[in-house]
Amino acid sequence: MKKILLLVFLIFTFLPIAATAEPKENLKATFVRDNLLWLKIKDKDIRITDTGYVRYPKWSFDGSWVAYLKGAKDGDIMDLWLYRVKSNRHFKVKENVGVNFQWSPNENSLGFQVAKNLFSLHTSQLGLFTPIAKDIENFSWLPSGKGFLISTKKSPEFHSDIILSKVLLRKKEKPAVNHLYNVKIGKNEIFASTSEFKWSNDKKWISFLLIPTASLSADGNTLCVLSANGKTFQKMDEMLIESAWFQWAPYNGLLGYVSGIGREATINKRTRVLKVPSMKNVTLTPRGYVDRDLTWQNNRTIIVSRSKENSSEDLSERALPSLYKISLSDNKQTQLTVPSEKDGDFRPEIVKNNLIWIRTDRKNADVMISPTYKSGEMVWIKNINLGSSYYEKWSWDEVFSLYTGR
């Protein structure tokens, strides 16, 4: 009898424990409603600003600050502001800041770009921001949080090379600039800048886009992969300029992205997965369909926003998407959501074993939530502003930021 009890104990002790979703009361987000800044904390929608036109809210790494842009009205010059959640206070940082501002991955420091100049600011010294670099095209924080990776043009000519450099921050000295890689631009190529940079989970690889002039960029940009030591560089594919459309898997060297040229999001957009360092990729979208957003659930599973391919001249006649789950191990593809014909599901994200996405009918938008391990969905945040739409490619970062940190 004792042996049987011991066997039962061992079986249940070493069985894998099913993942449980964090209660939605423990999740938080910042969003834009009626062009004002709001927070979702526990079950409460909290209005943070009373006036102005707010866009691009972004959480700090620890969830204690929100950075955002604010102007008097749509079309006005935007200023960069910080909001401290604990004290309920706002701090104006700088006027005329573009959409390129980023929090450090491991402390409450903010990098931001004004025209082509890069600055940094720590929340412990709100009145003091430090000049980092001039004449840059784009930047991202290094994974260590100790500096930046920047892109610059060798000369103003379109055909000039693009130089990638690491800028290391030093406490009592000017930042140190270390060359990483020269992207050679051919005589028949026109590349004006780069996107932000994204590191693989093991920090060995960097992905980014080479961006041509604005009119050309609307139809196609070149996805590139660079080893972190600068020794291996590869141009991989063509895709639209959308940061959420290329993402590294959480634990290995797999890069998921939505490929395809042409500005219409409902034509020729396919999810592909690239494996490094072999540089081999596989297409996961079946014929007759397009994928319009993606996220990784784990190393073996991708969730995409998918609709039927449609080239109708009337954009309102083009089908809106549903969410699908793709298993990389056997290519099994399962539909997860079934919105009404007038609704579509975009921008899936996974946090604390919850699947969160945005549902819209092109006039209104809600944030939805469902545990990843079972069926069932509910409205988590009702009535957020619409992100801007360009040929059915929606920019939800303008109006929604989910806190995914600790």
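Before moving on, here are some points about what is shown:
- For the stretch 97-113, Karplus couplings with θ = phi - 60° (6.51, -1.76, 1.60), whole Hz, Gly/Pro x: 9, x, 6, 8, 9, 9, 7, 4, x, 9, 7, 8, 10, 10, x, 8, 10
- Considering only chymotrypsin sites (Phe, Trp or Tyr not before Pro) in DSSP loops that have at most 13 other Cβ atoms within 10 Å, the longest stretch of the chain without any of them is 1-157.
- Other residues with beta-carbon under 9 Å from the beta-carbon of residue 37 carry, at +1 per Lys or Arg and -1 per Asp or Glu, a net charge of +3.
- Cβ-derived FRET efficiency at R0 22 Å, residue 135 paired with residue 235, nearest 0.05: 0.35
- The sum of -39500 (n - 2.57) across all DSSP H runs of n ≥ 4, divided by the residue count of the chain, sets its helix-only mean residue ellipticity at 222 nm to -1000 deg cm²/dmol.
- In a fully extended conformation the segment linking residue 299 and residue 341 would gain 12.0 nm over its present Cα-Cα distance, using 0.36 nm per residue.
- Evaluated with a Cβ-only charge set (Lys, Arg +1; Asp, Glu -1), the chain carries a dipole of roughly 1560 debye about its Cα centre, given to the nearest 20.
- Amide hydrogen neighbours beyond the local backbone of residue 180, cut-off 5 Å, H modeled: 164, 165, 166
- Among 149, 368, 262 - extreme Cα towards positive end, dipole of the chain, charges at beta-carbon: 149
- Taking 0.36 nm per residue of separation and subtracting the Cα-Cα distance, full extension of the segment from residue 374 to residue 116 would add 88.2 nm.
- Across the stretch 271-334 the C-alpha pair distances fall into 10 Å bins from zero in the proportions 20, 48, 23, 8, 0 percent.
- Computed E for residue 363/residue 126 - FRET, C-beta separation, R0 35 angstrom, nearest 0.05: 0.35
- Here the Karplus relation 6.51 cos²θ - 1.76 cosθ + 1.60, evaluated at θ = phi - 60°, turns the backbone of the stretch 53-66 into coupling constants of 10, 9, 8, 6, x, 9, 7, 6, 4, 9, x, 9, 9, 10 Hz, with x for every Gly and Pro.
- Spin-label pair residue 382-residue 215: with each label point 7 Å from Cα along the Cα-Cβ axis, the two points sit 4.7 nm from one another.
- Cross-link reach list, aspartates and glutamates versus residue 154, counting only Cα pairs under 16 Å and skipping chain neighbours closer than eight places: 135, 137, 189
- Once C-alpha pairs closer than 8 Å and six or more residues apart are averaged by separation and normalised to the residue number of the stretch 159-255, the relative contact order reads 21 percent.
- Take the Cα of residue 261, go 7 Å toward its beta carbon, and the backbone nitrogen atoms of the stretch 188-206 under 16 Å from that spot belong to 188-192.
- Förster radius 60 Å - calculated FRET efficiency between residue 404 and residue 187 (Cβ-Cβ, nearest 0.05): 0.90
- Shape box of the stretch 101-195 [Cα atoms, principal axes, largest first, Å]: 48, 23, 22
- Build a GNM of the chain with springs between Cα atoms under 10 Å apart, and of 340, 370, 195 the one that fluctuates most is 340.
- Amide H to amide H distances under 5 Å link residue 237 with 223, where only residues 5 or more positions off or on other chains count and H is placed in the peptide plane.
- Scalar couplings 3J(HN,Hα) for the stretch 184-200, obtained by applying the Karplus form with A = 6.51, B = -1.76, C = 1.60 to θ = phi - 60°, are 6, 10, x, 5, 9, 10, 10, 10, 9, 6, 10, 7, 5, 10, 10, 9, 5 Hz; x denotes Gly and Pro.
- Placed amide H near residue 318: partners under 5 Å, 5+ positions off or other chain: none
- Cα-Cα pairs of the chain separated by more than 31 Å (percent): 41
Computed from the coordinates by the stated procedures, all read-outs in this text should not be read as laboratory data. These numbers were taken from a predicted model, which means no experiment stands behind them. So basically every Cβ, Gly included, is an ideal-geometry build from the backbone, and we count neighbours across all protein chains shown.
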